[in-house]
Each structure stands twice: as C-alpha cells, then as structure tokens.
Amino acid sequence: MGKLTVSEELFNRAQKVIPGGVNSPVRAFAAVGGSPPFIERGEGAELIDCDGNRYIDFCCSWGPLIMGHADSDVTAEINRVASKGCSFGATTPLEVELAERVVSKVGPLEMVRFVSSGTEAVMSAIRLARGFTGRDKIIKFDGCYHGHSDYLLVKAGSGLVTLGEPSSGGVPADFAAHTLIADLDDEQSVTDYFEKFGNEIACIVIEPIPANNGLLLQRPEFLKFLREISQKHGALLIFDEVISGFRVGWGGAAEMYHITPDLMTFGKVIGGGMPVGAFGGRADIMKKLAPLGSVYQAGTLSGNPVAMAAGLKTLDLLEQKDGFVKLNQLGQYFEKRLLENIKDKDCCIMRFGSIIWLLFQKDQPRRADKIDSTAIDFYNKIHRSILDDGVYLPPSGYEVMFVSLAHTNDLLDRAAQAIGKAVSTG
Ligand SMILES: Cc1ncc(COP(=O)(O)O)c(C=O)c1O
C-alpha cells in the first residue's frame, strides 16, 4: 500500500478541532495503532482513501451498507428525493411506505416509529417499556451494546472494552442504578434477578445476535428462556436488532429463532447508509407513545425523507436480488477461505449469515468473559499489515466484519489470502 501522507495531515488537523480527531471513538484506531486512513470515497466493496489507496472493506460503515458503497440505485434515489427537499418537519408518504414495508416483513411488529439513530431507538423502546409496565428496572447483558444512553453504558461492548473502561465517565451512579447486568448464556443470572426484583423489572433488553463484543452466538434455548421468564413476570422482552435487523433475513433474529419479542429496535440497514433508527412492536404497547399516550418521544429529523428513501430502495434491492440467500453464500465462502488460509494458529470463526468474527483462540465464546484478551491482542497486532495489503478490517479485535452484496468471491479470496499471510508472519 502507498503512504498515508494526506490522511496523516488530516488526522493532525482533526485532532485540533475534534476530540481524538474522530466523531465516534473506535474510528481513531487506538486499539490497533497508527493513523486511520481518511476516506475519500467508496465504490462497491471497496474504500478509497485520501492518498488514493484502495481497500476491500469489511466494516461497511459498521453494518448499514448491505448493498456496498455508493450503490448506483440507492444513490440515484437519494439524489431524486433530496432534490425535492431534505426535511419538512411534517409527515411524508415515504415514512408511511417504509413503516408499511417494515411492519409487513417483521412478524412481531404491528406498529413502528422512526428515529435518527440506534441509540435513540433503544432509549425510546426502554422508556416505552417502563411507561407501559410502570416499572423502573431493566436487565441488560454484559457485552451487549445498545447505544450510548447513560443508563445503558454499563458493560457495553467493544467501544468501551477497547478503551479499557468498564463503563463511561459522566454517568451518575443513580442513573445506572436501575440497570441490572446479567450474563449471556446464563439462565441462572437472569433467574436470580427475577427472584429478587420480580415485579420491579420493566424489560429485558438483548441483542439476540450479540455482535458488539465479538459475535457471541447464543443457544436458542437461552433466548426462549428469556421470552418465558419475562412473560411469567409481566416484563417486556426487547430484541435490539440494530445490527441483525434486515441483515440476517427479513424477520431478523426474532424470525430465525422463532421468538416473538414485545418490542424490537432497528437501525443501520433500514437507513441504507443514512441516519435512521426505528422501534416497534405490539400495538397496545406502541399506542402508549405520544401523541396517543403518555410516553413522550420526538425528533426534528425523525422519518427524514432522504433517509426513508435510502432505506426503501435498499430493501427493494435486497428483495429483487434475493439478497439474504446471496449474503449467506458469500459469508459461507469467506469463512471457508479464511479457514483454508489461516494456518498454524488457533482460530475460530463465528458467523451468522454475513456477520463474521475472527477470533484467535481455540474455543468459541458465548459470553464476554470467555474471550481471551491475548486473542484480541493478536488481531490488533496484525491489523496494520492487513490494512497495508489493501484490506480494511474493523479497527478492534472485538468488532465483527460485514460482507455486502458488492463483495465478490474474487475479493473475498484476496482478503482471505492477505489475512492468512499476516497471521503466518504475525
Ligand atoms: C445493537 C446495537 N444497538 C444500538 C446501537 C446504537 O446505534 P447508533 O450507533 O446508530 O446510535 C448499535 C450501534 O452499533 C448497536 O450495534
């Protein structure tokens, strides 16, 4: 790979006016070291940085770009809609269309509301769960990330793990006092909370496919248990599908595991690369939201027409191209090629469709505390040489990779070879 002269200059300038030079911490490459490439443009499965270096991209904007970068149909639709006005602060037909589409595709959704980020989606869903049940406590899991709302920044996955902080500064202990942290893959840790706090628990919130502290695939029985125990105690079950929604299949993890949560949250893919989040679920719960009910929630740019259009076009394309079948095939192919190329090093590859996590240890972990930190150190150590070989992996060993419909077998071969080479020399 060529030099990063322009990127380094930009990083220096950025650090003077933006804390750490970035607008989201993991982008600073702190875990893997070195300057981050500054991106000039994307083309299909590739990123091109400001020095003209090209990379096969497995970050895909952290999941949203399921069609790849600058897909011509999505871009044309964004331009078409933006030319009529970017925001009106009034309802548009596109919101109705995307809401109808999402509700028709996801079984447990009877109603949905759009917001501008995944953070807002989960924060609003939890407020709604509290308002609906009249209870304050929530159960979340060690290693699951649900955005950066104060009371959810407890044991919350890669960004915080990468910074070596168990939690965030600036969060009053009182704010987190109602957040009960349970362990993934551990029924007893959840049962204990219900025995102790029974009718004070408003909801359990979980990423059903936890993908923010590596990919910690859960036993289906564990997720079914969460459905049963929450129902038994009158608490709601919230599936945070900000990553898995419209990434693993039309109905997300809920459909794959045959579980009906009360509420679900979305983001990423349904915005086609534009800022979007959504939360939805049972109509009787959703009708508690203002203006119908007493739970307040609002947003200046919520349901933004350009974002709705990008999401709708992305879903159209996924349907036309039989997207989820192809994504699964691409994911399977990449997994196979990685296994063939990585030699003489303990390695397990966790995969759910097109979400892939590469971990340099022998055993597959199902919970955060089963990840060996030396496995993460090894990933972080070889990251730069893989980047130098033209492959852009997420800049932390705790982050997962995403494959898009723009990735080809040829690109996946090249990437697997570059990773294999770095592993054997690392
Ligand atoms: C499962 C999950 N929930 C919520 C969020 C927060 O979404 P956003 O970054 O759009 O605020 C994320 C972000 O990665 C996520 O992965």
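Output yes when any residue across region 358-370 is under 16 Å from the mean Cα position of the chain (by Cα) and more than 14 Å from residue 211 (Cα to Cα), and no when none is. No; the residues of region 358-370 include none that is under 16 Å from the mean Cα position of the chain (by Cα) and more than 14 Å from residue 211 (Cα to Cα).
Yes/no matrix, rows are residues, columns are (1) of a type outside the set (Val, Ile, Thr); (2) surrounded by fewer than 21 Cβ atoms within 10 Å (Cβ to Cβ); (3) modelled with pLDDT of 95 or more:
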{"residue": "201", "(1), (2), (3)": "no, no, yes"}
{"residue": "205", "(1), (2), (3)": "no, no, yes"}
{"residue": "209", "(1), (2), (3)": "no, no, yes"}
{"residue": "214", "(1), (2), (3)": "yes, no, yes"}
{"residue": "228", "(1), (2), (3)": "yes, yes, yes"}
{"residue": "232", "(1), (2), (3)": "yes, yes, yes"}
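The lone criterion from (1) more than 11 Å from the ligand (Cβ to nearest atom); (2) surrounded by 19 or more Cβ atoms within 10 Å (Cβ to Cβ) left unmet by residue 250 is number (2). Of the residues making up region 334-346, just one is surrounded by fewer than 18 Cβ atoms within 10 Å (Cβ to Cβ) and hydrophobic (A, V, I, L, M, F, W, C), namely 339. Taking the criterion of being part of a helix (DSSP H, G or I), more than 16 Å from the ligand (Cβ to nearest atom), in contact (Cβ under 8 Å) with a residue 24 or more places away in the chain and of a type in the set (Ser, Thr, Tyr), would at least one residue in region 149-160 satisfy it? No: region 149-160 contains no residue that is part of a helix (DSSP H, G or I), more than 16 Å from the ligand (Cβ to nearest atom), in contact (Cβ under 8 Å) with a residue 24 or more places away in the chain and of a type in the set (Ser, Thr, Tyr). Of the set (1) within 15 Å of the ligand (Cβ to nearest atom); (2) out of contact with any Cys (no Cβ under 9 Å at 6 or more places or on another chain); (3) closer than 20 Å to residue 273 by Cα, all apply to residue 124 but (3). Residues of region 1-18 that are in contact with a helix residue (DSSP H, G or I) (Cβ under 9 Å, 6 or more places away or on another chain) and closer than 25 Å to residue 377 by Cα: 1, 4, 11.
The values are calculated or read from the model by the stated rules, or taken from the named source; none is laboratory data. Quantities reported herein were computed from a predicted structural model and do not represent experimental measurements. All Cβ positions, even for glycine, are placed from backbone atoms using ideal geometry, and neighbour counts span all protein chains on display.
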